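Heads up, the thing below is written out as structure tokens.
Bear in mind these aren't lab numbers, they're just calculated from the coordinates by the rules spelled out. Note that the structure is a prediction, hence the values are computed from the model and not measured. Virtual Cβ from ideal backbone geometry, glycine too; neighbours counted across all protein chains shown.
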Amino acid sequence: MTQILPSTETNQPLLYPHNNSNPTITSMDVQDSPRKSYWRCSKQDFFPEPSFKDLSSYRTALSQICPRLKDRLLSRSTETHELVTLRRESENPMQKCLTWWDLMWMSFGSVVGSGIFVITGQEARDNAGPAIVLSYALSGFSALLSVFCYTEFAVEIPVAGGSFSYLRVELGDFIAYLAAGNILLEAIIGAAGLGRSWSSYFASMINSKNPDFMRIKIDSFADGFNLLDPLAVVVLLVANSIAMSGTKRTSFLNWIASIATAFIIAFIIVVGFIHFKSSNLVPYFPKGAEGVFVSAAVVYWAYTGFDMVATMAEETKNPSRDIPIGLVGSMSIITVIYCLMALALTGMVKYTEIDPNAAYSVAFAQIGMNWATYLVSICALKGMTTSLMVGSLGQGRYTTQIARSHMIPPWFARVHPKTGTPINATLLTTILSAIVAFFSSLDVLSSVFSICTLLIFMLLAVALLVRRYYVKDVTSKNDSVTFFVSLFTIVGSSIGVTALWNSGVRGWIGYVVASVIWCSGTLGISLLHKHRVPKVWGVPLVPWLPSLSISMNVFLLGSLDYKAFLRFIICSAVMMLYYLMVGVHATYDVAHQNPKETMAEEGR
């Protein structure tokens with residue numbers, strides 16, 4: 001059965017699949033025109049929209065910025081548009097070649113190495129102390145809630161855009177752009193941070209006392225940007241080149257390497273507990289609960305690889321089965337592994353003596369196992385290399401879907417006919433991350449990265465609630481009012497708890513009141529009629545788990561320091577400037593193309 005809903009983009013009726021079934025996509029949906037050179041590069045390839053035809057057209061577009069911005073604020077995409085129409089921008093199809101086995105090891109390879117070897121030492125020494133275990137447990141639980149949300153969307157909208165596409169369908173074009181900017185920022189900063197950590201571990205194998213000896217120090221540059229790292233640039237270029245060569249090849253290399261990592265991690269945990277000293281855990285909370293929550297917000301980085309794996313849905317053979325097994329199963333195991341590794345580290349070495357840059361390799365040297373230092377460093381290097389490879393796959397596919405929507409030039413949406421990978425999109429994130437890695441230190445990168453990630457995960461939980469309980473022009477006015485009032489109540493009470501905690505208030509009355517308000521908002525949504533119920537796999541205990549995910553992400557956001565928010569605001573301001581000057585006009589032109597052409601594409 002199909003329900004007719006009006007399109008917010010063309011004001012023409014579009015077929016909206018009421019049963020949430022996905023259309024079958026064939027190569028002919030993407031590739032039905034004469035083969036063109038993949039590497040062609042002209043103004044038309046970058047800016048094909050009418051607003052950029054010439055200077056006069058652009059001036060006219062700028063004069064209409066207010067109505068166009070209003071149009072984009074109210075616009076929402078459809079599942080059919082994301083799954084079918086936008087894929088035509090890539091000219092060639094991506095290959096369906098992945099199974100649940102590939103996704104599970106991709107998740108393991110991407111996540112394990114993107115944080116545990118990178119920032120555990122930094123946060124254990126500077127904030128949480130031995131309680132870094134609790135920071136990982138708290139972040140892991142919050143990440144698992146986000147995994148549930150991602151999995152439901154990925155099963156029902158198996159497209160390369162991941163959270164960008166999900167937010168565009170449920171929360172609209174403008175919110176999706178904000179997410180897109182943060183996704184690209186997250187991809188660039190995450191890869192840059194891994195590149196810097198890779199070079200630190202490699203240097204520690206040669207000289208454990210000075211992991212910065214391979215970097216070039218420029219005294220005239222500001223702290224945090226004065227250690228130039230050419231090795232990090234080389235590592236990023238090599239890892240991303242492998243990812244561009246083919247998805248299945250990268251997946252095979254990843255799971256072979258990840259299996260080896262699993263054995264080495266088991267060795268680290270066993271040796272750590274053999275040399276465990278309970279005296280190293282005293283004091284357990286050197287900076288109190290505040291230190292635990294601050295670290296939880298930062299070590300969230302360690303769990304973020306799974307969102308890159310979710311972007312592989314377009315290349316998964318059976319998304320409804322493979323994605324839940326691959327994501328939920330792997331993330332549950334990874335959370336346990338992280339907690340055990342953090343406990344082993346703080347039990348081996350006093351937290352004040354942990355090296356913040358190469359914690360595990362230096363820890364083995366401190367207990368007299370110098371030979372194990374090389375084993376741990378090799379494991380860390382391999383783990384970070386697989387994280388870079390899988391992260392490059394995900395980053396390229398995020399960027400591809402963003403380019404398909406014309407929020408960035410559609411030249412980056414192309415899929416290479418031989419490799420089946422988005423080489424242009426991957427090159428974009430590779431070059432930018434290499435530039436950032438060359439200049440920026442790890443502490444500068446990690447805090448900004450956490451803000452981007454937490455914000456997107458919070459928005460995704462909101463989008464899931466919207467998907468279940470609100471359908472435009474279908475949900476009654478009373479239910480709509482109840483839903484949005486309840487949603488704002490959930491977000492407001494979450495901000496209230498965060499504000500109380502950060503202001504130093506520790507009395508129980510304020511927290512009880514805020515919790516009651518949060519419960520009332522969640523209960524208000526739970527009493528409403530669900531317009532969509534997933535037929536294959538869905539988040540359990542809706543709306544309670546998504547509501548809890550919103551609260552935890554807001555709380556972790558509030559635990560970050562003001563410098564992180566300042567850097568985030570500066571980056572967001574640059575994104576908004578680009579959107580007002582370019583993005584809003586490109587997407588407006590695409591949305592208001594010839595209605596008959598749009599209908600033909602949607603019907604196909």
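Cross-link partners among lysines for LYS43, C-alpha distance below 19 Å, same-chain residues fewer than 8 apart left out?
Within the straight-line cut-off, LYS43 pairs with LYS53.
Taking 0.36 nm per residue of sequence separation and subtracting the Cα-Cα distance, how much length would be gained by fully extending the chain between ASN478 and TRP39, in nm to one decimal?
152.7 nm
Given points 7 Å out from each Cα along the Cα-Cβ axis, report the ALA289 to THR352 separation in nanometres with one decimal.
2.6
According to a simple spin-label model (label point 7 Å from Cα along Cα-to-Cβ), what is the distance in nm between ARG249 and SER63?
5.3
Rule-of-thumb check for the stretch 308-395: C-alpha Rg over 2.2 N^0.38 Å?
Normalised Rg, Cα atoms only: 1.40.
Mind checking the dipole of the chain: about its Cα centre, +1 per Lys or Arg Cβ, -1 per Asp or Glu Cβ, Debye to the nearest 20?
In total the dipole reaches around 340 debye.
Rounded to the nearest 5, what is the percent of antiparallel bridges among the DSSP beta bridges in the chain?
About 90 percent, rounded to the nearest 5.
Show me the three semi-axes of the equivalent ellipsoid for the stretch 545-590, from the C-alpha gyration tensor (sqrt of 5 times each eigenvalue), largest first, rounded to whole Å.
30, 18, 4
Under a cut-off of 17 Å between alpha-carbon atoms, report the aspartates and glutamates in cross-link reach of LYS36, not counting same-chain residues fewer than 8 places apart.
Leaving aside aspartates and glutamates fewer than 8 places away in the same chain, those within reach of LYS36 are ASP45, GLU89, GLU91.
Label TRP544 and PHE141 with points 7 Å out from Cα along Cα→Cβ: what is the distance between them in nm?
1.4
Placing +1 on the Cβ of each Lys and Arg and -1 on the Cβ of each Asp and Glu in the stretch 181-273, which of ILE189, VAL234, ALA257 has its Cα farthest towards the positive end of the resulting dipole?
ALA257
In percent, how large is the relative contact order of the chain, given Cα pairs closer than 8 Å and 6 or more residues apart?
27
Which ³J(HN,Hα) values, rounded to whole Hz and listed in residue order, are derived for the stretch 457-474 from phi using the Karplus coefficients 6.51, -1.76 and 1.60 in 6.51 cos²θ - 1.76 cosθ + 1.60 with θ = phi - 60°, glycine and proline given as x?
Here the 3J(HN,Hα) series is 5, 5, 5, 5, 5, 4, 4, 5, 5, 4, 4, 6, 10, 9, 10, 4, 6, 10 Hz.
Show me, for the stretch 124-141, the HN-Hα J-couplings you get by feeding each phi into the Karplus relation (A = 6.51, B = -1.76, C = 1.60, θ = phi - 60°), rounded to Hz, glycine and proline as x.
3J(HN,Hα) across the stretch 124-141, in whole Hz: 5, 6, 8, 10, 7, x, x, 6, 4, 4, 5, 4, 5, 5, 5, 5, x, 5.
Which is farthest toward the positive dipole end of the chain among VAL147, SER526, THR120, measuring Cα position about the Cα centre, with Cβ charges +1 (Lys, Arg) and -1 (Asp, Glu)?
Result: VAL147.
Using unit Cβ charges (K, R positive; D, E negative) and no other charged atoms, how large, in debye to the nearest 20, is the dipole of the stretch 301-390 about its Cα centre?
Dipole magnitude for the stretch 301-390 comes out near 180 debye.
Can you tell me which of 159-169, 285-295, 569-579 comes out highest on packing, and rank the rest after it, using the mean Cβ neighbours within 10 Å?
Answer by packing, highest mean first, reads 159-169, 285-295, 569-579.
With point charges of +1 on the Cβ of Lys and Arg and -1 on the Cβ of Asp and Glu, referenced to the Cα centre of the chain, which listed residue (ASN280, GLN64, GLN44) lies farthest in the positive direction of the dipole?
Among ASN280, GLN64, GLN44, the one farthest towards the positive end of the dipole of the chain is GLN44.
Can you give me the orientation-averaged projected area of the convex hull built on the Cα atoms of the chain, in nm²?
27.0
Based on the alpha-carbon gyration tensor of the stretch 484-527 and its eigenvalue square roots a ≥ b ≥ c, which shape applies: rounded if a/c is under 1.5, prolate if not and a/b is larger than b/c, or oblate?
oblate
A 24 angstrom limit on the alpha carbon distance is what I want to check against. Which of LYS96/LYS535; LYS209/LYS350; LYS70/LYS530 exceed it?
LYS70/LYS530
Length gain on complete extension for the stretch ASP561 to ILE269, per 0.36 nm per residue less the alpha carbon to alpha carbon distance?
101.9 nm
With 5 Å bins from zero, work out the P(r) of the stretch 436-557 over every alpha carbon pair and list the percent per bin.
2, 10, 18, 18, 16, 13, 9, 6, 5, 2, 0
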